[in-house]
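These notes concern the structure reproduced below.
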Amino acid sequence: MIAASVITMMLAGCGFGTTGQMGNSSNGTGVITGAGAGAAIGSVIQSVLGLDQMTQKTLIGTWRYSQPGCAFTSEQLLAQAGGEIVAAEIKTKIQPTMQKMGINASNTQVTFNQDGTFAAKIAGKNWSGNYTFDEKTRKITMTGLLLNINCYAKRNTDGIALLFEATKLLNLLQTMSALQGGANANSTLGTIGDLAKSYDGLRIGFDMK
């Protein structure tokens, strides 16, 4: 259950606490009421790991990259960062990095099979192996020939997100870049490292449909 005080802090931080903004009304305490409150809570769920109902069953399937993804590990950290507006800005900042790495919907995807195997393609480079999913922590452990890596799954309204600690995502992208014979990717990936230093509890990765 999301604490009302946390919701209030996030809404205030995003500038949603006054009457008439975004077509919503206020109850006089700075908390949006009615449909606006429902939308705000929905946004918080989209931007915090562990608030969604992600299960092994919902993970299974083929997912294609749609855009950069990000989330925070708690409601408090999202509030401290500045709320949903900052989460959206972080995605915008990551987009040029993904483009430079050649990541797009046609060459980046992952299939999670019911038998515990996965087959992925990251920027056109194939990667496969076995995975385990912890429904309690949302942690996915992916073990393959190229590398072993952990990430976290989050359910979105239109798909899922696979989110990494910054160092893990950097490792994945650098490995794929090296296997493609690309130039040193450190300068291209600097934005990810900078964002991780700026925001506690930030997880970055891929929104997938």
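Residue check, residue 140 against (1) open to solvent by less than 10 Å² (accessible area, probe 1.4 Å); (2) at pLDDT 95 or above; (3) touching a Gly at 6+ places or on another chain (Cβ under 9 Å), all met but one. Which one?
(3)
Please specify each residue of the range 106-126 satisfying the condition of being open to solvent by 30 Å² or more (accessible area, probe 1.4 Å) and in contact (Cβ under 8 Å) with a residue 60 or more places away in the chain.
Residue satisfying the conditions is 109 alone.
Residue 88 versus (1) over 30 Å from residue 190 (Cβ atoms); (2) modelled with pLDDT under 95: which is the lone unmet condition?
(1)
How do the pairs read when you match residues in the range 154-176 that are free of Cβ contacts under 8 Å to residues at least 24 places away in the same chain with residues anywhere that are in a helix (DSSP H, G or I) and open to solvent by less than 10 Å² (accessible area, probe 1.4 Å), using Cβ under 7 Å and keeping only pairs 6 or more apart or on different chains?
What qualifies is 170/192.
Can you go through 162, 169 and tell me which one is out of contact with any helix residue (DSSP H, G or I) (no Cβ under 8 Å at 6 or more places or on another chain), under 20 Å from residue 95 (Cβ atoms) and either open to solvent by less than 30 Å² (accessible area, probe 1.4 Å) or in a helix (DSSP H, G or I) (or both)?
So the residue among 162, 169 that is out of contact with any helix residue (DSSP H, G or I) (no Cβ under 8 Å at 6 or more places or on another chain), under 20 Å from residue 95 (Cβ atoms) and either open to solvent by less than 30 Å² (accessible area, probe 1.4 Å) or in a helix (DSSP H, G or I) (or both) is 162.
So if I check each of 187, 177, which one is of a type in the set (Gly, Ala, Ser), over 18 Å from residue 65 (Cα atoms), out of contact with any strand residue (DSSP E or B) (no Cβ under 8 Å at 6 or more places or on another chain) and at pLDDT below 95?
The conditions single out 187.
Name the pairs: first residue in the range 195-209 and in contact (Cβ under 8 Å) with a residue 40 or more places away in the chain and open to solvent by 40 Å² or more (accessible area, probe 1.4 Å), second residue of a type in the set (Val, Ile, Thr) and in a loop (DSSP other than H, G, I, E, B), Cβ to Cβ under 7 Å, at least 6 apart or on different chains?
So the pair list comes out as 203/73.
The values are calculated or read from the model by the stated rules, or taken from the named source; none is laboratory data. None of these values were measured; they are calculated from a predicted model. A quick note on method: Cβ atoms are made from the backbone with ideal geometry, for glycine too, and the neighbour counts reach across all protein chains shown. SASA here: full protein model, heavy atoms, side chains in, ligands and nucleic acids out. Shrake-Rupley method; radii C 1.70, N 1.55, O 1.52, S 1.80 Å.
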